[in-house]
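Presented below is the structure to which this report refers.
The values are calculated or read from the model by the stated rules, or taken from the named source; none is laboratory data. Being a predicted model, the structure only gives us computed values, none of them experimental. With ideal geometry, Cβ positions are generated from the backbone for all residues, glycine too; neighbour counts draw on all protein chains shown.
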Amino acid sequence: MATTTLRALRARACAAASFAALVGVATAADYVQVPAGTLASVIASDPASGPVPIDAFAMRTTPVTKGEFRRFVEASPEWQRGRIAGTFADAGYLHDWRSAIVVGDPQAEDQPVVNVSWFAAEAYCEGEDGRLPTWVEWEYVAAADATRRDARADPAWRARILGWYSTSARAVLPAVGGDADVYGVRDVHGVVWEWVDDFNALLVDGDSRSGNDPDQLKFCGAGAINLQDRENYAVLMRIALLSSLNASDSTTSLGFRCVRPLAKEVK
Amino acid sequence: MTCVLRSVLSAAAVVAVTLMSPPAKAAVRPADKNVASPRAGNDTAAPQGAPVRAVLTTPPNVPPATGRKAPARVIVELEVVEKDMQISEGVSYTFWTFGGTVPGSFIRVRQGDTVEFHLKNHPSSKMPHNIDLHGVTGPGGGAASSFTAPGHESQFTFKALNEGIYVYHCATAPVGMHVANGMYGLILVEPPEGLSKVDHEYYVMQGDFYTTGKYREKGLQPFDMEKAIDERPTYVLFNGAEGALTGDKAIKAKTGETVRLFVGNGGPNLVSSFHVIGAIFDKVRYEGGTSVQRNVQTTLIPAGGAVAVEFKATVPGSYVLVDHSIFRAFNKGALAILKVDGAEDKSIFSGKELDAVYLGDRSQPNLNAVTAATKAAASGTLTQEDQVLAGRELFAGTCSVCHQLSGAGLPGVFPPVAKSDYLAADPKRAIGVLLHGLTGKVTVNGTEYNSVMPPMNQLNDDEIANILTYLLNSMGNPGGRILTEDVKKVRAGPKPATTAATH
């Protein structure tokens, strides 16, 4: 996708979001601080450079819920199903809702919102004075379990991810608010996929088998997924999902959460 | 008028194509009778007529022949569905499927067809998927062009340049996991003149599966990456489940009918030694290629490969399809049944003509006592004690196979010779039993037995006398002695009309 086009679209999305912020979207969401650190990402974009440094940021403790997103589209009707510009969302956008502004079952209000496009997710986060996390920020948090910041070497950590992969997406989504990890962040694994800001720069070829011969022209920053650890596949599958998407796409198991730069969050 | 015009046009088209064909390709026409179907040379022709929607079938069914005489534009719509299905009795598994089945829907096109392929990923899917068709000439076999997020659809078009039977599979990372979860199937590209007519065509595909639980461990079993990497499958299956092709679901034919099996191997790891127990493949298009091998017992199917095998059903019965890497068949599930009904032809296969116990020569070792008894008999000094010792060795070698060393027999099958009221009632009768065998109902110690004891006519008179003397003086029997002369008399006498006797 031409980067310029994406940027232009995003600018429009931001403008809309700013408007949303003006009219007052509920911003009761809980953010917690994630301290700075380094991450040995599964994406070895430049193996020579070693672990990726991560600046401190604040992350939403839970994915955005359907109730929260309903209040957002009530305040910003241009993001409602049926009104949203075709460029910003596909036909599946919020299709599981009873109407453009009614989720349906009251219990569903606490479920993570799904069937949202990247544009809508980004706009929502702007309304919370935030943005979508980058992949490495998300992966940095996802590496944690209840007691450790990097639990990836523990088979139990991996088993939890894989357990979710092997259940059908037809199951009813749980309400947000699962067990907190070491940062206080919840529901990173086992509920929904989550959009990230730079999903379209993730380096999975549509074919994924090109080894060290990725299509250099296809991806900015080209490179290949390097399976240094054969157990990385659990995370790799999330990257594969994200890389299959366009910014206007939505799926029944894909939601999002937002992050904020720490300077704005903590005085 | 229109018809004439059309035929003139198509004739012109054929001529043009022939002229455009590379000369080398046209020249390679080996007059080899083993070549199933030479290329007709029209595989670069433009599709003719209105687009055709491909008929897709679920295994073990195969779509009917296309019956087309010219290349067409064929639309294939294949849907990816992730769903829980039974992999074995009481064991479920989350399969990822092309068309809702493992293997995926069978696709049938004709060489030269232009195939417009639509891959739909059901909204309920968690994963993105794509498809690599081995029948496609192009990068990734279509994989990159068909990478599809859940709830989306991709489209790409290819020309089926080469005829053959080809595997298709998902090629999304991690590829092995997508394949191990059942994402494979077959696409048949018919030669322009079609395949020879047979009475039945069936679709069978082998795959290996890796679950965290053991073979047949109940419940929903997750995929086990460790086992997959180590190539230690929990299941090796035909058509994605134990029992997918047995019992009521067995594939069927009648005697005299010809059967063509399209057999693929999805892998992800194992190579199949495909065999049908009791049948010989008249023809095998090995590796799915054009050459035909005849009179094949077992054919190798590589992972990501396929064959077409043909044979004539001649003798009725159940034919077992196996991976002849045989532990996979009997311990991991790689079994399927072809049931052939019809009249028997005894000239080809008689069925069982004899059902008898074969004892071999278990009495070779430890014959010292027997040798001693034989010497004693020759010198006229044979005692009852000599007979008992020799009889014990002979009983252990010959009789214990059925009657057991303890003489207790096997309940319901072989009657006891220990504390036997049958023996006690008439010890001399036992001589006839050994000489002539005993078939049919017999009641021993109040229990009725109905089986077959073959004649023990490999035993000489001394040996029979020794065995019976041993029996009479052991195992709680009443005692007594049988002499060689007693045996001689019975042997010389008439064979009983029926060997069955009741007590």
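Brief remarks on what is shown
- Beta carbons closer than 8 Å, at least 6 apart along the sequence or on distinct chains, pair a first residue in the range A:141-152 that is surrounded by fewer than 16 Cβ atoms within 10 Å (Cβ to Cβ) with a second that is in a loop (DSSP other than H, G, I, E, B) for A:Ala146/A:Asp179; A:Ala146/A:Asp181; A:Ala146/A:Val182; A:Thr147/A:Val182; A:Arg148/A:Asp154; A:Arg148/A:Val182.
- Helices (runs of 4 or more DSSP H) wholly inside the range A:112-188 containing at least 3 residues that are at pLDDT 90 or above: A:118-127, A:135-142
- Scan of the range B:177-222 for residues that are hydroxyl-bearing (Ser, Thr, Tyr), within 24 Å of the chain's Cα centre (by Cα) and closer than 30 Å to B:Thr137 by Cβ, ordered by number: B:Tyr184, B:Tyr202, B:Tyr203
- Among the residues listed as B:Val388, B:Val357, the single one being among the aliphatic types (A, V, I, L, M) and at pLDDT 90 or above: B:Val388
- Filter pass, B:Phe395 being crowded, with 18+ Cβ neighbours inside 10 Å and within 23 Å of B:Val490 (Cα to Cα): yes
- Only one of the numbered conditions (1) on the phi > 0 side of the Ramachandran plot; (2) modelled with pLDDT under 95 is not met by B:Thr290, and that is (1).
- Failed item in (1) at pLDDT 95 or above; (2) of a type outside the set (Asp, Glu); (3) in contact with a strand residue (DSSP E or B) (Cβ under 9 Å, 6 or more places away or on another chain), with B:Arg232 passing the rest: (3)
- Of all the residues in the range B:141-152, those that are outside any helix (DSSP H, G or I) and either of a type in the set (A, V, I, L, M) or at pLDDT 95 or above (or both) number 2.
- Failed condition for B:Asn450, given (1) modelled with pLDDT under 90; (2) under 26 Å from B:Ala377 (Cα atoms); (3) not in a loop (DSSP other than H, G, I, E, B): (2)
- For the range B:178-201, the tally of residues that are surrounded by fewer than 23 Cβ atoms within 10 Å (Cβ to Cβ) and not acidic (Asp, Glu) stands at 8.
- Failed condition for B:Ala173, given (1) within 11 Å of chain A (Cβ to nearest Cβ); (2) outside any strand (DSSP E or B); (3) over 25 Å from B:Tyr93 (Cβ atoms): (3)
- Inspection of the range B:402-413 identifies no residue that is closer than 20 Å to B:Lys488 by Cα, at pLDDT 90 or above and not in a helix (DSSP H, G or I).
- Evaluated against (1) over 36 Å from the mean Cα position of the chain (by Cα); (2) outside any loop (DSSP other than H, G, I, E, B), B:Lys69 falls short on exactly one condition, (2).
- Leading residue by the ranking (farthest from A:Val191 (Cα to Cα)) among those in the range B:111-125 that are buried (at least 24 other Cβ atoms within 10 Å of the Cβ) and within 13 Å of chain A (Cβ to nearest Cβ): B:Leu119
- Filter result for the condition that a residue is touching an Asp or Glu at 6+ places or on another chain (Cβ under 8 Å) and either in contact (Cβ under 8 Å) with a residue 12 or more places away in the chain or among the acidic types (Asp, Glu) (or both), over A:Val185, A:Val73, A:Val136, A:Val114: A:Val114
- Count of the range A:224-248 residues which are assigned to a loop (DSSP other than H, G, I, E, B) and modelled with pLDDT of 85 or more: 5
- Hey, B:Ala45 among the aliphatic types (A, V, I, L, M), surrounded by fewer than 18 Cβ atoms within 10 Å (Cβ to Cβ), away from chain A (no Cβ under 14 Å) and in a loop (DSSP other than H, G, I, E, B) or not: no
- Exactly one residue out of A:Gly221, A:Gly206 is modelled with pLDDT under 85, assigned to a loop (DSSP other than H, G, I, E, B) and within 29 Å of B:His122 (Cβ to Cβ): that is A:Gly206.
- Among the residues of the range B:229-263, those that are within 24 Å of B:Ala303 (Cβ to Cβ), out of contact with any Lys or Arg (no Cβ under 6 Å at 6 or more places or on another chain) and hydroxyl-bearing (Ser, Thr, Tyr) comprise B:Thr234, B:Thr246.
- Only one of the numbered conditions (1) closer than 20 Å to B:Glu89 by Cβ; (2) among the aromatic types (Phe, Trp, Tyr); (3) more than 23 Å from the chain's Cα centre (by Cα); (4) at pLDDT 95 or above is violated by B:Tyr168, and that is (1).
- Residues that are surrounded by 20 or more Cβ atoms within 10 Å (Cβ to Cβ) and among the acidic types (Asp, Glu), drawn from the range B:61-110: B:Glu82
- Residue in the range B:225-233 that is hydrophobic (A, V, I, L, M, F, W, C), under 19 Å from the mean Cα position of the chain (by Cα), within 14 Å of chain A (Cβ to nearest Cβ) and more than 21 Å from B:Lys312 (Cα to Cα) present: no
- Picking from residues in the range A:137-188 that are within 13 Å of chain B (Cβ to nearest Cβ) and in contact with a Lys or Arg (Cβ under 7 Å, 6 or more places away or on another chain), the one that is nearest to A:Arg238 (Cα to Cα) is A:Tyr165.
- Within the option set B:Val433, B:Val442, being touching a residue at least 60 places away in the same chain (Cβ under 8 Å), surrounded by 14 or more Cβ atoms within 10 Å (Cβ to Cβ) and touching a Phe, Trp or Tyr at 6+ places or on another chain (Cβ under 8 Å) holds for one residue only, B:Val442.
- Complete set of residues in the range A:86-106 that are aliphatic (A, V, I, L, M) and either free of Cβ contacts under 8 Å to residues at least 12 places away in the same chain or part of a helix (DSSP H, G or I) (or both): A:Ala91
- Residue that is nearest to the other protein chains (Cβ to nearest Cβ) [pool: residues in the range B:129-162 that are surrounded by fewer than 23 Cβ atoms within 10 Å (Cβ to Cβ) and of a type in the set (Phe, Trp, Tyr)]: B:Phe156
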